Amino acid sequence: MKKVTFIHAADLHLDSPMVGLKHLPQNIFQKLQESTFESFSKIIDMAILKKVDFVIIAGDLYDASDRSIRAQVRFRKEMERLAEKNIAVYAVHGNHDHMMGNWAHLPMPENVHIFNHEPEMLKFTNEGMTVHLYGFSYPKRHVHTRMIDDYKKVHGADMHIGILHGHFEGSSEHGKYAPFRLSDLIEKEFDYWALGHIHKRAELSNDPPIIYPGNIQGRSRKEKGRKGCYYVEWADHGTVYEFIETESVIWEEVVVDASSAISFHDVLMECKRAIEEIRMDEKGMLLHLILDNVSLSSIELRGIANGELLDILREEEKDEHAFVWISDLTYLEKTAWDRTELGQESEFFNELFMLSEQLDPLEESLSLLYSHPLARKFIDGLSKEERKKIAADAEDILVGLLYKNE
């Protein structure tokens, strides 16, 4: 029986600068700085343990087009580990580490195959098994053309794998580079599509498997949840694949119902309980903690509003190996007003609610930030859902303040 096994990873973003996180305790920030390397090393460990035939990396190996020497050295070291086990690597460069960048070139071992800037086919053969792999590397950062149209199936192989770092049309507002439709991929009649670019894991199709593994390590609260790669086995009778976690530090969000708390101490105990429930043995965690239904006296509430609760929770995590660091703490007081009733009773509140549902003013307010040449290099645009949440949070805060002062 003919069989092929491989690892499919994408969006390594090695040596990500972790923008905006330098305020963290030094040991936690260093853990974050090392997290992309640690996660990638776990992927290589898995490839060696599973004795795979090859590893696919579907774009954005490095976080920036200048590719730091530190990142290249660490990447080369992992490639040498694979070379010692005779495991090949097939990789494409994406919009972050495109070919037009300026960097000090470090040569890679012969087992590493990088696709050219035009779609091409590379051949893998082993013990009578032939696999054709198709892909391209970004010649520049912004590739808006439908590169999928230039993927041409070359017959004469047992298996065909497409590698594409691009945007699935209609899926998100992530950078819309090398766009494609699901039907475009299916029509190519390949056996597997190894996608990259979208940092959220997604299995777009099972037959054939068309998969975004997501990035290997979350870098902000927008990239919460499990991160990793896919282990894939292909044989004559079909394809089996499984997701494997690799993150070194995980971003999460937890809502704590504080409705039963009648004192600051009660709230503190609820927070500690929630933290211990999600603590992981070997991984650090950056947690957005949301306190819901808080109903305390103004004196008791002051300890939350002025940041004392946050300081207490953080102080206990500074020296923890498996830390749960509270990156953000949000508290929502128990609602004492009804949106519908307020809108009916007051024209002012009715207009306020109508305005909060309009996203155009919010987009205009943020346009200067996203058009700034330096800022747009480090931040992604907000999705429609994120804009809605910001507007809803702002409405909740404003109405709460106005309602209290009626």
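The values are calculated or read from the model by the stated rules, or taken from the named source; none is laboratory data. No experiment lies behind these values; they were computed from the predicted model shown. Please note: Cβ atoms are built from the backbone with ideal geometry, for glycine as well, and neighbour counts cover all protein chains shown.
A few points about this structure:
- Residue, modelled with the lowest pLDDT, within region 281-300, restricted to residues that are among the hydrophobic types (A, V, I, L, M, F, W, C) and touching a strand residue (DSSP E or B) at 6+ places or on another chain (Cβ under 7 Å): V294
- Among the candidates F40, F54, residue that is of a type in the set (F, W, Y) and within 22 Å of the chain's Cα centre (by Cα): F40
- Scanning region 294-303 turns up one or more residues that are without any contact (Cβ under 8 Å) to a residue 60 or more places away in the chain and assigned to a strand (DSSP E or B).
- Members of region 45-61 found to be crowded, with 22+ Cβ neighbours inside 10 Å and in a helix (DSSP H, G or I), listed by number: A47
- Given (1) surrounded by fewer than 22 Cβ atoms within 10 Å (Cβ to Cβ); (2) under 29 Å from E247 (Cα atoms); (3) not hydroxyl-bearing (S, T, Y), index of the condition M159 fails: (2)
- Any hit, region 154-173, residues being touching an Asp or Glu at 6+ places or on another chain (Cβ under 8 Å) and outside any strand (DSSP E or B): no
- Against the criterion of being within 22 Å of Y90 (Cβ to Cβ) and modelled with pLDDT of 95 or more, E252 does not qualify.
- Residue in region 76-120 that is surrounded by the fewest Cβ atoms within 10 Å (Cβ to Cβ), counting only those that are of a type in the set (S, T, N, Q) and at pLDDT 95 or above: N86
- Residue among K140, K123, K42 that is assigned to a loop (DSSP other than H, G, I, E, B), surrounded by fewer than 21 Cβ atoms within 10 Å (Cβ to Cβ) and of a type in the set (D, E, K, R): K140
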